[in-house]
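Each remark here refers to the structure printed beneath this line.
Each reported figure results from applying straightforward, stated rules to the coordinates on display, with no laboratory input. As the structure is a computational prediction, the values presented were derived from the model and not from experiment. Reconstructed Cβ throughout: ideal geometry from the backbone, glycine too, with neighbour counts over all protein chains shown.
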Amino acid sequence: MTRIIAGRAGSVTLEVPEAGTRPTSDRVRESLFGALESVDALRGATVLDLYAGSGALALEAMSRGAASADLVEKSPKAAAVAERNAGRVAKSLGAVDAGVRVHRASSELFLRAVRGPYSLVFIDPPYDLPEPDLTADLVALGPSLRAHAIVVVERARRSPAPDWEVAGLHALRDRRYGDTTLWWGQPRPASQSR
């Protein structure tokens, strides 16, 4: 079990899928969300959580003031867990669905039909996801991003940095936490686009 760390749904417990996912630790989430709050990226945000697993990242954002969230999870069992967690958070927020939608789909299929636009995106794939697949996700995501969107990619420390350039993004920052690295990217300003 894990929990929502802070915000209106703070302390709500969340289920974690039994297998096939790697939940972001409370320590990493606390640091990530503190940084996002410091740049005012949460209030009113439209969130996309690819490879959502339990949905903890998007649901933490909702607790802290995001307006809506799309959680994308390919595994039927993990998606069912994310749906139950979304229900818990919605109940805590006093809403029927709290603007949270869970999509049982691969990131590839979802991104083909995505509407957006998103202001905050979490991409936390399995550590063994091949780098070309991550790059394909970033490229497909590009047209669905707001001009000043923040994209956070969580990978193993040993993984190379995301290929922001090919996706029309640029690196903002990166932080390491044990075996985990968080990379932040953002769309390049129009004047810097190819």
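For a distance above 13 Å, tell me the whole-number percent of Cα pairs in the range 142-193 that qualify.
56
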Near-label residues of the range 64-89 by backbone N, under 16 Å of a point 7 Å along Cα→Cβ of LEU109: 71-80
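If you take the square roots of the eigenvalues of the alpha-carbon gyration tensor of the range 99-194 and sort them as a ≥ b ≥ c, do you get rounded (a/c under 1.5), prolate (a/b over b/c) or oblate? Display every interim value, and only then the final one.
Working: a/c = 1.56, a/b = 1.10, b/c = 1.42.
Oblate is the answer for the range 99-194, as a/c is 1.5 or above yet b/c matches or exceeds a/b.
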Between helix 76-93 and the chain: long-axis angle, C-alpha atoms, 0 to 90°, nearest 10: 70
Separation in nanometres of the label points that stand 7 Å from Cα toward Cβ, at ASP128 and ARG175: 3.0
